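Take a look at the following structure, please.
The values are calculated or read from the model by the stated rules, or taken from the named source; none is laboratory data. Model, not experiment: these values are computed from the prediction. No Cβ is skipped: glycine too gets one built from the backbone with ideal geometry, and neighbour counts run over all protein chains shown.
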Amino acid sequence: MTVGDTVFRRIPGEGWLVLVGSTPELGGETADLMERLLQRLDLSRPIAAIAAPDSDPEAINEFLESLEEWLGTEAGLLELQGDLDVEGWDESGLLVLEGHDGEIWVEALQGEAGEKLRRSFDRGAVILAIGGAASAFGAQVVSAVRPDTLSAGLAWIPEAIVVVDPEEAYADVVRAWLRQSPRRLVLRLEPASILALGPEQQVERWSQASPEIVLGPGWESA
């Protein structure tokens, strides 16, 4: 068992939760992503992407085109604010979530939308959460509007905060939160880093770049 297997805990489900620092490209440091997806995807199920209002339309469209070419299937694109009541996206085998503000995702994925996402995950979907969308899955989210405050996350990764901004990992509010409970951690995603959490406690790096893990004081004696 590796250190990652020991410290990372996620909600149960048959799917994979894949956290990505920034929108991947087909080549470069994230070149392994497509091969990894092919090994785990059920290609009989559709592919969908959900984009937040602050996402980069050009980047997400280029990534979806790469996915379609590589996987040989079409991908649907939905808007986070307005399309989550559309039927069928929870049947997807791959869900790509892209946007910068984690709080927007937490707010949008409450109630029925959150239940749909969880059902998809329970049925084995791969959820590829990019940038701020990745930060939403932690226990707390650093506010984009008030960076000195935290708000509740989706808590799919209990006792963890996920950040993509290097400064956030060492912000006073994050360090204070880290000290409040012995087994907390902060996961900082580099722009080209990808961390995948599997259904059997797998913790895998799907990129050349490594994410940084900042452990709470309780892990020092573990």
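Which of the residues belonging to the range 95-113 are part of a loop (DSSP other than H, G, I, E, B) and surrounded by fewer than 18 Cβ atoms within 10 Å (Cβ to Cβ)?
Gln110 - this is the single residue of the range 95-113 that is part of a loop (DSSP other than H, G, I, E, B) and surrounded by fewer than 18 Cβ atoms within 10 Å (Cβ to Cβ).
Give the residues of the range 91-107 that are more than 13 Å from the chain's Cα centre (by Cα) and either under 16 Å from Gly138 (Cβ atoms) or without any contact (Cβ under 8 Å) to a residue 12 or more places away in the chain (or both), sorted by residue number.
Glu103, Ile104, Glu107
Give just the number: which of (1) crowded, with 16+ Cβ neighbours inside 10 Å; (2) part of a helix (DSSP H, G or I) does Trp70 not satisfy?
(1)
Something else about it: From Gln180, Gln140, Gln208, which residue is of a type outside the set (A, V, I, L, M, F, W, C), surrounded by fewer than 16 Cβ atoms within 10 Å (Cβ to Cβ) and either under 18 Å from Val20 (Cα atoms) or touching a residue at least 24 places away in the same chain (Cβ under 8 Å) (or both)?
One residue alone meets the criteria, Gln208.
Report every pair of residues separated by at least 6 positions or lying on different chains whose Cβ atoms are under 8 Å apart, first residue within the range 1-29 and on the phi > 0 side of the Ramachandran plot and surrounded by fewer than 16 Cβ atoms within 10 Å (Cβ to Cβ), second assigned to a loop (DSSP other than H, G, I, E, B) and at pLDDT below 95.
From the range 1-29, the pairs are Gly28/Ala192.
Taking the range 175-222 as the search range and keeping residues that are within 16 Å of the chain's Cα centre (by Cα) and among the acidic types (Asp, Glu), which one is farthest from Pro147 (Cα to Cα)?
The selected residue is Glu204.
Among the residues in the range 122-133, are any of a type in the set (Gly, Ala, Ser) and more than 14 Å from Val18 (Cβ to Cβ)?
Scanning the range 122-133, I find at least one residue that is of a type in the set (Gly, Ala, Ser) and more than 14 Å from Val18 (Cβ to Cβ), so the answer is yes.
Can you name the number of the only condition in (1) touching a helix residue (DSSP H, G or I) at 6+ places or on another chain (Cβ under 6 Å); (2) within 18 Å of Val18 (Cβ to Cβ); (3) not in a strand (DSSP E or B) that Asp148 fails?
(2)
Follow-up. Determine, yes or no, whether Ser210 is under 26 Å from Gln110 (Cβ atoms) and modelled with pLDDT under 95.
Considered against the rule, which asks whether it is under 26 Å from Gln110 (Cβ atoms) and modelled with pLDDT under 95, Ser210 comes out as no.
If you go through the range 173-189 one residue at a time, how many are over 14 Å from Ala129 (Cα atoms) and assigned to a loop (DSSP other than H, G, I, E, B)?
Looking only at that region, the number is 5.
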